[in-house]
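Trainee: Mind looking over this structure? Questions follow.
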Amino acid sequence: DGGITQSPKYLFRKEGQNVTLSCEQNLNHDAMYWYRQDPGQGLRLIYYSQIVNDFQKGDIAEGYSVSREKKESFPLTVTSAQKNPTAFYLCASTLYRGNQPQHFGDGTRLSIL
Amino acid sequence: AQKVTQAQTEISVVEKEDVTLDCVYETRDTTYYLFWYKQPPSGELVFLIRRNSFDEQNEISGRYSWNFQKSTSSFNFTITASQVVDSAVYFCALSERGGRDDKIIFGKGTRLHILP
């Protein structure tokens, strides 16, 4: 079945450590997105990519980095510069246009040790 | 600038009651798209509906219905005869006509509790 796979489901980070969240889709979608969800804050856009080897910062990109080397993969790295990384992270994809419905993964919950 | 407001942070109703979730949006564009998503406790967001700015017809899908009114910039969502399985967080979202900054803006969500 087509869909988006995020891994791991739970992730723990130590101080000063970078961690990478995986997002893979087999929907042949061009655009992919990373969101951060905090209680009561809704979804905030971290980064998005509309095409391979190109990506743009969202509203809260500081402390995060991404790559888009393959159409189906859009990994997110939470760097040590992100001082408050504890949150629920959601990956999404859509056909090229932003006016298309987004398909979401099951999310990764990141916590600090 | 785009903005989506879901003023109801949390709602609780007893099963079988009807409930309406409010969504008010702001946009300068004449062409835009509105969405509703459901986030059950498992975490993933599930797409419910998309509506473009030129189609003001109300939509009904089973127990779900949507009321789009451009005059008040609102896109409200009603669940009729609610069920416990409807308990979730519901997000309204807005996308303007696609361009370089091709993205969707989400409201902060409304947490809906259906009590048995």
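Where a number appears in this text, it was derived from the coordinates with a stated rule and is not lab data. Everything numeric in this text was worked out from a predicted model, so none of it was measured. All Cβ positions, even for glycine, are placed from backbone atoms using ideal geometry, and neighbour counts span all protein chains on display.
Trainee: With the condition kept exactly as written, say whether any residue in the stretch A:60-75 is touching a Gly at 6+ places or on another chain (Cβ under 8 Å), of a type in the set (A, V, I, L, M, F, W, C) and within 21 Å of A:ASN18 (Cα to Cα).
Mentor: First, pick out the residues of the stretch A:60-75 that are touching a Gly at 6+ places or on another chain (Cβ under 8 Å): none.
There is no residue in the stretch A:60-75 that is touching a Gly at 6+ places or on another chain (Cβ under 8 Å), of a type in the set (A, V, I, L, M, F, W, C) and within 21 Å of A:ASN18 (Cα to Cα).
Trainee: Would you confirm, using the coordinates I've provided, whether B:ILE105 is surrounded by 18 or more Cβ atoms within 10 Å (Cβ to Cβ), in contact with a helix residue (DSSP H, G or I) (Cβ under 6 Å, 6 or more places away or on another chain) and touching a residue at least 12 places away in the same chain (Cβ under 8 Å)?
Mentor: Details: surrounded by 18 or more Cβ atoms within 10 Å (Cβ to Cβ): yes; in contact with a helix residue (DSSP H, G or I) (Cβ under 6 Å, 6 or more places away or on another chain): no; touching a residue at least 12 places away in the same chain (Cβ under 8 Å): yes.
When the stated conditions are applied, B:ILE105 does not pass them.
Trainee: With B:PHE35, B:PHE54, B:PHE68, B:PHE77 as the choices, which residue is closer than 29 Å to A:THR108 by Cα and without any contact (Cβ under 8 Å) to a residue 60 or more places away in the chain? Quick ask: steps written out before the conclusion?
Mentor: Values: B:PHE35 fails: without any contact (Cβ under 8 Å) to a residue 60 or more places away in the chain; B:PHE54 fails: closer than 29 Å to A:THR108 by Cα; B:PHE68 fails: closer than 29 Å to A:THR108 by Cα.
Answer to the check: B:PHE77.
Trainee: Suppose we keep only residues that are under 21 Å from A:THR5 (Cβ atoms) and more than 8 Å from chain B (Cβ to nearest Cβ) within the stretch A:86-99. Which one would you say is surrounded by the fewest Cβ atoms within 10 Å (Cβ to Cβ)?
Mentor: A:LEU95
Trainee: State whether the residues of the stretch A:57-66 include one that is buried (at least 18 other Cβ atoms within 10 Å of the Cβ), hydroxyl-bearing (Ser, Thr, Tyr) and more than 12 Å from every other protein chain (Cβ to nearest Cβ).
Mentor: Yes, because at least one residue in the stretch A:57-66 is buried (at least 18 other Cβ atoms within 10 Å of the Cβ), hydroxyl-bearing (Ser, Thr, Tyr) and more than 12 Å from every other protein chain (Cβ to nearest Cβ).
Trainee: Let me ask you something else. Could you say whether any residue in the stretch B:98-106 is of a type in the set (A, V, I, L, M), under 16 Å from A:ASN99 (Cβ atoms) and out of contact with any His (no Cβ under 6 Å at 6 or more places or on another chain)?
Mentor: Taking every residue of the stretch B:98-106 in turn, at least one turns out to be of a type in the set (A, V, I, L, M), under 16 Å from A:ASN99 (Cβ atoms) and out of contact with any His (no Cβ under 6 Å at 6 or more places or on another chain).
Trainee: Given the options A:TYR10, A:TYR48, A:TYR89, name the one that is hydroxyl-bearing (Ser, Thr, Tyr) and more than 13 Å from the chain's Cα centre (by Cα).
Mentor: On the way: A:TYR48 fails: more than 13 Å from the chain's Cα centre (by Cα); A:TYR89 fails: more than 13 Å from the chain's Cα centre (by Cα).
Testing whether each residue is hydroxyl-bearing (Ser, Thr, Tyr) and more than 13 Å from the chain's Cα centre (by Cα) leaves just A:TYR10.
Trainee: Further question: Only one residue in B:GLU44, B:GLU59, B:GLU15 is surrounded by 12 or more Cβ atoms within 10 Å (Cβ to Cβ), farther than 26 Å from A:TYR89 by Cβ, over 15 Å from the mean Cα position of the chain (by Cα) and not small (Gly, Ala, Ser). Which one? Working first, answer last.
Mentor: Numbers: B:GLU44 fails: farther than 26 Å from A:TYR89 by Cβ; B:GLU59 fails: over 15 Å from the mean Cα position of the chain (by Cα).
Answer to the check: B:GLU15.
Trainee: If you scan the stretch B:25-58, which residues turn out to be under 19 Å from A:PRO101 (Cα atoms), more than 14 Å from chain A (Cβ to nearest Cβ) and outside any loop (DSSP other than H, G, I, E, B)?
Mentor: Once the filter is applied, which keeps residues that are under 19 Å from A:PRO101 (Cα atoms), more than 14 Å from chain A (Cβ to nearest Cβ) and outside any loop (DSSP other than H, G, I, E, B), the stretch B:25-58 yields nothing.
Trainee: Give, as residue ranges, the strands (runs of 3 or more DSSP E) completely inside the stretch A:1-88 that count at least 1 residues that are of a type in the set (Phe, Trp, Tyr). Don't jump to the end; show me each part of the working.
Mentor: Details: elements: A:4-7, A:10-13, A:19-25, A:31-38, A:42-51, A:54-57, A:64-66, A:76-78.
Once the strands (runs of 3 or more DSSP E) in the stretch A:1-88 are filtered for at least 1 residues that are of a type in the set (Phe, Trp, Tyr), what remains is A:10-13, A:31-38, A:42-51, A:54-57, A:64-66.
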